[in-house]
Amino acid sequence: MKKIFLLVLVLLFQISFSKPITETQKLAATCKIWGFLKYYHPNVADGSKNWDEQLFQVLPKIEEAQSAEAFSLVIENWITSLGEVKAYKTEKPASKVNYFDKNFDLLWISKNDLFSKSLSKKLKFIEENRIQGKQYYYTSDPYIKVQNEVKYPDFKWTDKNLRLLALFRYWNQMEYFFPYKYKMDQKWDAVLTEMLPKFVTTESEMDFVLAMREISIKLDDTHASTSTNKLYDYFGDKFVAFDVAFIDNKAVVVKFKNDSLAKNDDVRVGDVITKVNGKTVADLINQNLKYAEGSNEPAILKNIYWAVFNGKTESIEIEFSRENKTSGKTIKRYKYRDLRIQFPDKEKWKLLKNNIGYIDVESINEKELPGVMKQFKNTTAIIYDARHYPQEPNIEEALAEYLYPENKAYAKFIDVDLTYPGRFIWREDQKTGKTNPDYYKGKVIILENEFTQSHGEHLVMCLQAAPNATVIGSQTAGADGGVCKYEIIKGYNTVFTGFGIFYPNGKETQRIGIVPDIEIKPTILGIQQGKDEALERAILFVKNGE
């Protein structure tokens with residue numbers, strides 16, 4: 001009886017292992033194996049193989065495989081053809097390494113229904129005896145740098161192999177080198193399964209263009225997007241002459257790109273636009289969410305304006321309200337170069353009423369700080385406006401010299417582990433400041449919003465570590481850390497956050513952003529009345545302490 005039972009189990013296993021498999025299943029598994037071998041196999045990761053060509057050669061064999069058993073055999077033969085992998089003994093590091101492993105997951109090697117036991121064993125052996133020398137396809141300085149990828153200058157979207165190559169490259173680069181993969185809304189494996197059919201059954205060049213854009217947006221990273229000039233063919237290359245803020249599913253005019261062009265159409269700050277070419281602003285936002293990058297909702301809304309207002313025609317019809325009256329009108333759109341965007345002069349610093357200093361950290365430079373901080377030394381408070389991107393690369397450290405009483409940590413980073421792709425290592429705490437008994441003793445107020453991004457967020461982290469600091473405003477872009485930029489394949493450039501930044505206690509900033517102590521968001525009425533509500537709230541806080 002026991003023998004019969006065992007025989008039945010064996011037969012059931014064979015039937016299960018030999019059942020037909022889908023093209024998506026095969027290609028998803030192939031993508032993961034191809035990327036794993038690219039970064040782990042000693043005879044591949046050293047660049048000695050034409051790894052793209054290896055993919056093109058194995059794809060027809062993968063297509064022919066009609067069962068899990070046949071698929072595993074194809075992959076095993078492929079791995080064998082790559083040459084011997086020698087076992088080595090791992091040397092213990094000289095000092096203890098503090099790993100960050102929230103992204104690291106190679107369990108799929110032994111938990112995939114398509115893999116035979118012998119295939120899983122081969123892959124596991126490669127992991128344990130991975131390349132120990134220099135990697136050919138990437139390096140770190142300190143954030144990840146993609147290198148030595150063939151660009152294919154004659155790339156054509158009609159070539160299925162090259163479409164798959166673009167997908168496989170991108171997916172694996174994010175799989176191993178995106179520090180915030182674990183923070184995504186959707187599992188990266190699920191993204192691969194969802195996106196594969198869009199790359200396999202592409203019916204037009206625009207389908208491919210949009211697929212390349214969409215997969216990068218799924219990183220949920222304000223830094224992350226894929227760009228190509230061909231996107232203008234879809235969204236249009238003509239712009240309106242004003243900027244908006246999206247509030248309550250409406251587009252509120254907040255400033256002009258060009259005063260005279262906006263006034264020609266009698267567009268005014270505070271106008272509330274509810275429809276564009278007959279479609280509601282809310283519908284246009286929802287239709288295009290998958291193409292607008294952002295770690296959180298405020299960042300997405302900041303970046304989606306072009307999907308609502310851009311187009312190919314020279315004019316659009318809008319519905320808007322002004323002074324409680326709803327009207328419609330035609331307004332013009334312009335080529336970017338014809339906008340002749342005006343950048344008004346800004347006050348880098350000024351003394352406000354009630355002995356409050358104000359510094360615009362976007363425009364002030366390091367050489368100006370000694371004089372400004374001397375002028376503001378005896379003020380009640382200094383308001384640091386960080387609602388735009390700082391231009392000085394080390395402005396936070398320069399400010400800390402005046403605001404910190406001692407050297408202290410305000411951030412810590414994670415970097416790619418070059419010896420173990422997919423793993424990250426905690427770097428030592430980032431410290432700044434010096435022993436300074438004469439540090440600034442007044443209140444330190446920091447203003448922030450969704451335009452506070454990357455270096456801007458890093459600056460806020462540094463400023464808020466000063467004594468008596470208060471952050472006022474709204475959620476920041478949630479994308480701190482240096483960026484990695486590269487060309488996936490000819491004509492398709494991408495960018496993503498290349499290393500992770502946290503508070504010294506390990507608290508996250510990605511997606512969350514820098515959480516304000518006092519939250520204040522712009523309102524439609526405030527915009528119409530010309531108020532800077534965040535600045536007014538900061539002044540009120542200085543006066544009454546709450």
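Here, each number is a calculation from the coordinates, and none is a lab measurement. What you see is a predicted model, and the numbers here were worked out from it, not measured in a lab. Cβ sites come from the backbone with ideal geometry, for glycine too, and all protein chains shown count toward neighbours.
May I ask for the Kirkwood hydrodynamic radius of the stretch 356-412, worked out over all distinct Cα pairs and given in angstroms to one decimal?
Radius from the Kirkwood sum: 12.1 Å.
Taking the Cβ-Cβ separation of D338 and D141 as r and a Förster radius of 35 Å, what is the calculated FRET efficiency to the nearest 0.05?
Working: r = 39 Å, r/R0 = 1.12.
Rounded to the nearest 0.05, the efficiency is 0.35.
Assuming 0.36 nm per residue, please report the length gained on full extension of the stretch D154 to A190 beyond their Cα-Cα distance. Please report the intermediate quantities before stating the final value.
Working: separation 36, 0.36 × 36 = 12.96 nm, distance 3.09 nm.
My answer for the length gained is 9.9 nm.
Let me have the relative contact order for the stretch 442-501, percent, based on Cα pairs under 8 Å that are six or more residues apart. Working shown, then result.
Values: 99 pairs, mean separation 20.2, N = 60.
Dividing the mean separation by the residue count of the stretch 442-501 yields 34 percent.
Pairs K102/K124; K255/K377; K187/K490: which are spaced more than 23 Å apart, C-alpha to C-alpha?
Details: K102/K124 20 Å; K255/K377 34 Å; K187/K490 28 Å.
Cα-Cα > 23 Å for K255/K377; K187/K490; rest within.
Any idea how far apart N365 and S227 come out in nm if each label point goes 7 Å out from Cα toward Cβ?
For the pair N365/S227, the computed spacing is 2.5 nm.
Could you tell me the ratio Rg/Rh of the stretch 250-307? Both radii from Cα atoms, Rh via Kirkwood.
On the way: Rg = 12.7 Å, Rh = 12.6 Å.
Dividing the radius of gyration by the Kirkwood radius yields 1.01.
Send over the semi-axes of the stretch 325-388's equivalent ellipsoid, whole angstrom and largest first, taken as the square roots of 5 times the C-alpha gyration tensor eigenvalues.
Numbers: eigenvalues 277, 62, 12 Å².
Ellipsoid semi-axes (Å, largest first): 37, 18, 8.
Taking the convex hull of the alpha carbon atoms in the chain, what volume per residue do you get, in Å³?
205 Å³
With Kirkwood's inverse mean 1/r over C-alpha pairs for Rh, give me the Rg to Rh ratio of the stretch 143-287, two decimals please.
On the way: Rg = 19.2 Å, Rh = 18.2 Å.
Result: Rg/Rh = 1.05.
With +1 on each Lys and Arg Cβ and -1 on each Asp and Glu Cβ, how big is the dipole of the stretch 292-391 about its Cα centre, in debye rounded to the nearest 20? Each step should come with its number before you reach the end.
Details: 18 positive and 14 negative charges, 60 e Å.
Around 280 debye, computed over the stretch 292-391.
Under 20 Å Cα-Cα from K61, which aspartates and glutamates qualify once same-chain neighbours fewer than 8 residues away are excluded?
Within the straight-line limit of under 20 Å, K61 reaches these aspartates and glutamates: E23, D52, E53, E69, E76, D113, D159.
Determine the shape class of the stretch 47-201: with a ≥ b ≥ c the square roots of the Cα gyration tensor eigenvalues, call it rounded for a/c under 1.5, and otherwise prolate if a/b is greater than b/c, oblate otherwise.
rounded
Restricted to Cα positions, what overall size does the stretch 290-333 have along the principal axes? Three whole-Å values, descending.
On the principal axes, the stretch 290-333 reaches 35, 29, 13 Å in Cα extent.
Where does the stretch 379-534 land on Rg/Rh, using Cα atoms and the Kirkwood Rh?
Values: Rg = 17.4 Å, Rh = 17.0 Å.
Result for the stretch 379-534 is an Rg/Rh of 1.03.
Once you list every other residue whose beta carbon is under 12 Å from the beta carbon of E194, what net charge do they have if Lys and Arg are +1 and Asp and Glu are -1? Provide the component values of the computation, followed by the final result.
On the way: positive: K187, K198, K218, K290; negative: D189, E214.
In short, +2.
Could you point to the residue in G530, V495, L463 farthest towards the positive end of the stretch 441-546's charge dipole, with +1 and -1 charges on the Cβ of Lys/Arg and Asp/Glu respectively?
L463
Using a basic spin-label model with each label point 7 Å from the Cα along Cα→Cβ, how many nm lie between Y88 and V483?
Once both label points are built, they end up 3.6 nm from each other.
Mind checking the log10 I(q)/I(0) for the stretch 115-191 at q = 0.14 Å⁻¹? Debye, one equal scatterer per Cα, no solvent, two decimals.
Rounded to two decimals, the profile gives -0.73.
Where nothing but the Cβ of Lys and Arg (+1) and of Asp and Glu (-1) is charged, how large is the charge dipole of the chain around its Cα centre, in debye to the nearest 20?
Details: 76 positive and 74 negative charges, 139 e Å.
That gives a dipole near 660 debye.
So what's the stretch 177-254 giving for Cα Rg divided by 2.2 N^0.38 Å, two decimals? Don't skip to the answer; put the middle values down first.
Working: Rg = 15.8 Å, N = 78, 2.2 N^0.38 = 11.5 Å.
Working it through for the stretch 177-254, the quotient is 1.37.
Report the gain in length on full extension from D532 to K377: 0.36 nm times residue separation, minus Cα-Cα distance, nm rounded to one decimal.
Working: separation 155, 0.36 × 155 = 55.80 nm, distance 2.50 nm.
Full extension from D532 to K377 adds 53.3 nm.
Which entries in K151/K412; K250/K431; K134/K183; K86/K412 show an alpha-carbon gap greater than 32 Å? If you can, show how the numbers build up before the last one.
On the way: K151/K412 35 Å; K250/K431 43 Å; K134/K183 29 Å; K86/K412 37 Å.
Beyond 32 Å: K151/K412; K250/K431; K86/K412.
What's the long-distance tail for the stretch 71-116, i.e. % of Cα pairs beyond 11 Å? Intermediate results must be reported in sequence, preceding the final value.
Working: 825 of 1035 pairs.
Pairs farther apart than 11 Å: 80 percent.
Note the direction-averaged projected area, equal to a quarter of the hull surface, for the Cα convex hull of the stretch 470-546, in nm². The partial results should precede the final answer.
On the way: hull surface 32.9 nm².
The number I arrive at for the stretch 470-546 is 8.2 nm².
Could you tell me whether the stretch 225-267 comes out rounded, prolate or oblate from its Cα gyration tensor? Rule is a ≥ b ≥ c as square roots of the eigenvalues, rounded for a/c under 1.5, then prolate if a/b exceeds b/c, otherwise oblate. Spell out each step's value before the answer.
Numbers: a/c = 2.80, a/b = 1.49, b/c = 1.87.
It comes out oblate by the Cα gyration axes.
Of all the C-alpha pairs in the stretch 359-458, what % are more than 18 Å from each other?
Working: 2742 of 4950 pairs.
Cα-Cα pairs of the stretch 359-458 separated by over 18 Å account for 55 percent.
When each pair of different Cα atoms in the stretch 253-390 is counted once in the 1/r mean, what is the Kirkwood radius in angstroms, to one decimal?
About 18.2 Å for the stretch 253-390.
Would you work out the relative contact order for the stretch 217-341, in percent, from Cα pairs under 8 angstrom that are 6 or more residues apart? Spell out each step's value before the answer.
Details: 224 pairs, mean separation 41.8, N = 125.
Here the relative contact order equals 33 percent.
Which value in deg cm²/dmol, rounded to the nearest 500, describes the helix-derived mean residue ellipticity at 222 nm for the chain, given -39,500 (n - 2.57) per DSSP H run of n ≥ 4 and division by the residue count?
Working: 19 runs with 195 residues, N = 546.
Result for the chain, helices only: -10500 deg cm²/dmol.
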